[in-house]
Structures are given as C-alpha cells and as structure tokens.
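Below you'll find the structure, written out as structure tokens, and then a few comments.
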Amino acid sequence: MPNLNTLLTLTQRAVALTHHQHTWSFPMQTPTGTVYLHAHKVGVRVVRWEQPSVQATIDVTPPFGWRFGAEYNADGVYVVLLQRAVLQGLVKGTLNLIVPHDAHLVLRLQDCLLTLDQVNGTLELPPMATAGDAYLPSSSR
C-alpha cells in the first residue's frame, strides 16, 4: 500500500507541473466598463451575463509555456494569455471570459479561435484592414 500512495503522490505532482487552471474575478463598473484581452494561439470563449463582474478562467498545459495575468482599475479589466514562442506546438490553452451584457470588449487576438456565446442580432464583420485590425461598425438596424 505505501507504494500505491507514493505512485499517487508522484502522479499528482506530474499533473501539477503539466497543467494549470486559474480563475480571476473582478468587479466591473458598467455600462462604462471595458474588458481588454490580449491573447496569442489560444481558444477564447466569451459569454455575457447579468452580473456586474468579470470572470476570466485560463486552462493551460504546460503552465511554463505561457505568459498570463489579469488586473483591473477604474478603466476596466485587463487579461493577457500569450503562448511562449519557444514551445510552439507543444502547448495548449483556453480562456473562458464571462463579462456583463453592457461591457465594452476590446480583443487583441493573434491566431486564436474565438467563440461568442449568447449572440442575438446581426453581427457584421468587415474585411481585415492592412494592419490586421477589424472593427465591428455600430449599426442602428
């Protein structure tokens, strides 16, 4: 039985070295609040909710293959999840971002998969600008 406990302990330590999940929660001053996200080579899921707060949950493998962090101030919430260049192709990461319905989003994405949940209405995406920026025009339709 001691060998089984040792094996279980070693397995738990190996998982801790290869996988990391973390959730940040911040209050949001709405409707003037803005959520800024800078992400690189990650799956991003954005969900809207009624709460006046932002939750950002990252799930990365391995944790040393990523640079990540989050903070907030009076202007908004800032979330960063960037893949380290050295380990390209060997890492995996996801970010679930839950934001208030009336929060403004600024997303700086590089080679990301973006999923928008609970979308209602018309979403218009213009062609990419030469600098790589896309803007969603406001519409009164």
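The values are calculated or read from the model by the stated rules, or taken from the named source; none is laboratory data. Everything quoted here is computed from the prediction, not taken from an experiment. Don't worry about glycine lacking a Cβ; one is built from the backbone with ideal geometry, like all the others, and counts go over all protein chains shown. For the accessible areas, the whole protein counts, side chains as well, though only heavy atoms, and no ligand, DNA or RNA atoms are used. Shrake-Rupley method; radii C 1.70, N 1.55, O 1.52, S 1.80 Å.
Things worth noting here:
- Answer residue from the stretch 49-65, given it is open to solvent by less than 10 Å² (accessible area, probe 1.4 Å) and assigned to a strand (DSSP E or B) and is nearest to GLY33 (Cα to Cα) among those: VAL54
- For the residues LEU109, LEU95, the requirement of being open to solvent by 50 Å² or more (accessible area, probe 1.4 Å) and either within 19 Å of THR18 (Cβ to Cβ) or in contact (Cβ under 8 Å) with a residue 24 or more places away in the chain (or both) singles out LEU109.
- The set of residues in the stretch 28-47 being buried (at least 18 other Cβ atoms within 10 Å of the Cβ) and of a type in the set (D, E, K, R) consists of LYS41 alone.
- Among the residues of the stretch 79-105, those identified as closer than 21 Å to PRO31 by Cβ and under 10 Å from the mean Cα position of the chain (by Cα) are VAL79, LEU97, ILE98.
- Residues of the stretch 112-123 that are in a loop (DSSP other than H, G, I, E, B), at pLDDT 80 or above and open to solvent by 70 Å² or more (accessible area, probe 1.4 Å): GLN118, THR122.
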